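Novice: Here it is, the structure in full.
The values are calculated or read from the model by the stated rules, or taken from the named source; none is laboratory data. Quick caveat: nothing in here was measured; it's all calculated off a predicted structure. Heads up, the Cβs are rebuilt from the backbone with ideal geometry, glycines too, and the neighbour counts pull from every protein chain shown. Side chains are part of the model used for accessible areas, which takes the heavy atoms of the whole protein and leaves out ligands, DNA and RNA. Shrake-Rupley method; radii C 1.70, N 1.55, O 1.52, S 1.80 Å.
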Amino acid sequence: QVQLVESGGGLVQPGGSLRLSCAASGSIFSINTMGWYRQAPGKGRELVASITWSGNINTADSVKGRFTISRDNAKNTVYLQMNSLRPEDTAVYYCNLQWSSLATYWGRGTQVTVSS
């Protein structure tokens with residue numbers, strides 16, 4: 001069984017920064033993709049950024065230049081450094097781990113609120 005535990009969310013003022021972490025545990029196939037998705041109230045879940053085991057990165061246009069995804073394969077951990085946060089970044093952020101269409105796992109989510 002795979003578990004994902006997120007941390008690092010909270011309340012921040014516009015222009016501020018937060019760093020999210022997600023640690024995966026359990027039976028994990030090493031060749032995988034980890035990523036962050038978010039869901040704002042009344043909206044669907046959207047990809048923020050993802051990173052493969054070899055370091056290939058995909059980042060949503062809305063956060064390019066502000067958010068940076070990274071990972072530590074030895075720790076099965078993925079990070080999301082969020083800078084220059086905007087009110088529209090307010091959402092629940094979910095960690096995702098996958099290595100096939102049948103092996104996709106989600107964390108419980110962490111709230112990020114950007115407000116003055």
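Novice: So what is the relative contact order for the chain, in percent, with contacts set as C-alpha pairs under 8 Å and at least six apart?
Specialist: 36 percent
Novice: Per residue, how large is the accessible surface of the chain? Use a 1.4 angstrom probe and give square angstrom. Intermediate values should be presented prior to the final figure.
Specialist: Details: 6280 Å² over 116 residues.
Here the per-residue accessible area is 54 Å².
Novice: Return, ordered by residue number, the residues of segment 80-116 whose backbone nitrogen is under 19 Å from a label point located 7 Å along Cα→Cβ of residue 57.
Specialist: Those under the cut-off are 80-86, 94-98.
Novice: Still on this structure, please answer the following. Just for the chain, what percent of DSSP beta bridges are antiparallel, to the closest 5?
Specialist: 95 percent
Novice: Of the heavy-atom accessible surface of the chain (probe 1.4 angstrom), what whole percent is carbon and sulfur?
Specialist: 47 percent
Novice: Something else: Can you compute 3J(HN,Hα) from phi for each residue in segment 50-60, using the Karplus curve 6.51 cos²θ - 1.76 cosθ + 1.60 with θ = phi - 60°, rounded to whole Hz and x for Gly and Pro?
Specialist: 9, 9, 7, 4, 8, x, 6, 10, 10, 10, 5
Novice: Let me ask something additional. Test of understanding: given the chain, find the longest segment containing no trypsin sites (Lys or Arg not before Pro) that are in a DSSP loop and have at most 11 other Cβ atoms within 10 Å.
Specialist: On the way: sites that count: 43, 64, 108.
My reading of the result: 65-107 is the longest stretch.
Novice: At 7 Å along Cα-to-Cβ for each site, give me the label-to-label distance between residue 66 and residue 45 in nm.
Specialist: Using points 7 Å along Cα→Cβ, the separation is 2.2 nm.
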